[in-house]
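In what follows, a single structure is set out as structure tokens and then discussed.
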Amino acid sequence: MTEAAPSAWTPWTAAEWRNRSLVGPDGRTMDLMLALPQGDAPPGGWPLLFALDGDRFFAALAGAAAALSHRTDKTGVAPMAVAALAHRPAAGAPEDQRARDFTRSACPDPGLLRPSGGGDAFQRLIADRVLPMLVQGAPLNLARATLFGHSLGGLFVLETLRADPTLFARWVAVSPSLWWSTPSPDIATPDLLIGCGEAETGREMRDRIAGWVAAKPDGAIFRQAPAADHGSAPFALIPDILRHACGSRAE
């Protein structure tokens, strides 16, 4: 049996996945991704999970949402739209773009020397252009929209929640970079999920996050992924993220 030549392989993507480009802060081009469930949208439109770092998380979140929503009675995951915004590597170093767009203050570690402080502009991009663009192109219910971010993206979630708690209905911050900046925990919202990995000991991440949740006056939902490190925690917590986005809880 002869193996197929590499040229016989072709790119593949799910039929329900879409992508378009848009110009973001400083004229940088970004990718906006969208996955819709099959069938007709419910009255008011589909719930929306909007993720940062789309190049890392869109495929995993959209694929899991489609698979798990086939048995909502078992998984607690209902059909939902998944959208994500991604930086293009060609526009600069990805880590520099993340640091620029996901933070509102200078990095406390002088050894990193990354651009920073663009969080307000990035929030305006999401509020003024990205969300309107999404609802123009699909039947979405922004009253049931969730923002998800990991690491610096998780910090952006918390700082955006403090700046404008009405922008999204639900919020998910996994392994937020509280070492960079620590927002006051007195954020008044019951619909916040905080997650981290059990093995996240660098920069005291696990203990910082657990302490922040414990200090939050009205509490938050806290999930710790067993044996997960910083990079694997968001993938281990995908079912929790999806359940939170559709308003259900794991038993």
Completion exercise
When every residue in segment 47-71 that is more than 10 Å from the chain's Cα centre (by Cα) and buried (at least 23 other Cβ atoms within 10 Å of the Cβ) is compared, the one nearest to Leu161 (Cα to Cα) is Leu48
Practice task
May I ask you to say which residue of Ala15, Ala41, Ala4, Ala8 is more than 28 Å from Ser151 (Cβ to Cβ), surrounded by 14 or more Cβ atoms within 10 Å (Cβ to Cβ) and at pLDDT below 95?
Solution key: Ala41
Fill in the blank from the handout: Matching residues in segment 197-232 (touching a residue at least 12 places away in the same chain (Cβ under 8 Å), under 24 Å from Ala35 (Cβ atoms) and out of contact with any helix residue (DSSP H, G or I) (no Cβ under 9 Å at 6 or more places or on another chain)) number 1
Fill in the blank from the handout: Among Asp128, Asp73, the single one that is at pLDDT 95 or above, closer than 30 Å to Gly39 by Cα and of a type outside the set (Ser, Thr, Tyr) is Asp128
Exercise for the section: Assess whether Ala143 counts as being among the aliphatic types (A, V, I, L, M) and loosely packed, with under 14 Cβ neighbours inside 10 Å. Expected result: yes
Practice task
Would you point out which residue out of Ala67, Ala83, Ala41, Ala62 is part of a strand (DSSP E or B) and among the hydrophobic types (A, V, I, L, M, F, W, C)?
Solution key: Ala83
Fill in the blank from the handout: Restricting attention to segment 112-133, the residues that are among the basic types (Lys, Arg) and more than 13 Å from Leu22 (Cα to Cα) number exactly 2
Exercise for the section: Pull up segment 99-131, narrow it to residues that are touching a Gly at 6+ places or on another chain (Cβ under 7 Å) and surrounded by 17 or more Cβ atoms within 10 Å (Cβ to Cβ), then point me to the one that is nearest to Trp46 (Cα to Cα). Expected result: Leu125
Practice task
Looking only at segment 227-240, decide whether some residue is charged (D, E, K, R), crowded, with 18+ Cβ neighbours inside 10 Å, under 16 Å from His150 (Cβ atoms) and within 14 Å of the chain's Cα centre (by Cα).
Solution key: yes
Problem - Hey, Met80 crowded, with 19+ Cβ neighbours inside 10 Å, under 29 Å from Leu193 (Cβ atoms) and in contact with a Cys (Cβ under 6 Å, 6 or more places away or on another chain) or not - result: yes
Fill in the blank from the handout: Within segment 110-134, of all residues that are of a type in the set (D, E, K, R) and without any contact (Cβ under 8 Å) to a residue 24 or more places away in the chain, the one nearest to Phe148 (Cα to Cα) is Arg124
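The values are calculated or read from the model by the stated rules, or taken from the named source; none is laboratory data. Just so we're clear, the structure is a prediction, and the values are computed from it rather than from any experiment. Here the Cβ is made from the backbone with ideal geometry for all residues, glycine too, and neighbour counts use every protein chain on show.
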